[in-house]
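Notes to accompany the following structure.
The values are calculated or read from the model by the stated rules, or taken from the named source; none is laboratory data. If you're wondering where the values come from, they're calculated on a predicted model, not measured in any experiment. A quick note on method: Cβ atoms are made from the backbone with ideal geometry, for glycine too, and the neighbour counts reach across all protein chains shown.
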Amino acid sequence: MAELSDKKLSSSLEDYIEAIFNLAAGNDGGAARSSDIAQKLGVAKASVTGALRVLKDRGLVNYRPYGEVTLTASGVRAAAAVAQKHKILKLFFMDVLGVDGETAQKAACRSEHAFGNELIARLLCFIEFVNKSAGSSGGVGDEFKGYCRKRLAKNRDIVNGKAAT
């Protein structure tokens, strides 16, 4: 019998298992509380309850009303995959594109759901390539960041979301 967790998760459910994963990692008991999940995601506790029921039905979490939430083995695998995508995207945005940490964090949160596994794998290869080429001379990564600074300073319309002139 195939596991229910094999079905593709929505972006919202991926956010929930990633939040549980991150909260549980910071907790000695390896569990999360509904109120902490709600606070981390900025949602109502009722929304958390609904999501936890769906995740439980899919075999991804162990959950009882008013109890702590833990990830099942399938849940840990799924959450770790989402967290890894997030980490790779954030690294790409910071190390390759040169954006600040907060911007990279927000962009990674939005992008992790849309990028498929092959694209994520290629981004990781590109990050490694850029970092490897950096060596002592700075390499292609620093050259690109310099180009970006000059280009964006020259044409602020791109940064401000306006059509380039």
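For the residues 91, 52, the requirement of being assigned by TED's automatic domain parsing to the domain that holds residue 148 and either touching a helix residue (DSSP H, G or I) at 6+ places or on another chain (Cβ under 9 Å) or not in a helix (DSSP H, G or I) (or both) singles out 91.
Scan the range 60-83 and tell me whether some residue there is touching a Gly at 6+ places or on another chain (Cβ under 8 Å), part of a helix (DSSP H, G or I) and either among the acidic types (Asp, Glu) or within 30 Å of residue 126 (Cα to Cα) (or both). Within the range 60-83 (the criterion being touching a Gly at 6+ places or on another chain (Cβ under 8 Å), part of a helix (DSSP H, G or I) and either among the acidic types (Asp, Glu) or within 30 Å of residue 126 (Cα to Cα) (or both)), the answer is yes, since at least one residue qualifies. Screening residue 86 on (1) surrounded by 18 or more Cβ atoms within 10 Å (Cβ to Cβ); (2) more than 30 Å from residue 58 (Cβ to Cβ) shows it passes everything except condition (2). Taking the range 16-36 as the range and being closer than 20 Å to residue 87 by Cα and assigned to a helix (DSSP H, G or I) as the test, the residues that pass are 16, 17, 18, 19, 20, 21, 22, 23, 24, 25. Checking each residue in the range 60-79 for being surrounded by fewer than 16 Cβ atoms within 10 Å (Cβ to Cβ) and either closer than 28 Å to residue 106 by Cβ or not basic (Lys, Arg) (or both) picks out 65, 66, 67, 73, 77. Considered as a group, the residues in the range 96-105 that are surrounded by 14 or more Cβ atoms within 10 Å (Cβ to Cβ) and of a type outside the set (S, T, N, Q) include one that is modelled with the highest pLDDT, and that residue is 104. Comparison of 13, 9 shows that the only residue that is crowded, with 18+ Cβ neighbours inside 10 Å, part of a helix (DSSP H, G or I) and among the hydrophobic types (A, V, I, L, M, F, W, C) is 13. Could we say that residue 108 is more than 16 Å from the chain's Cα centre (by Cα), in a helix (DSSP H, G or I) and closer than 21 Å to residue 10 by Cβ here? Judged against the criteria, residue 108 is not a match.
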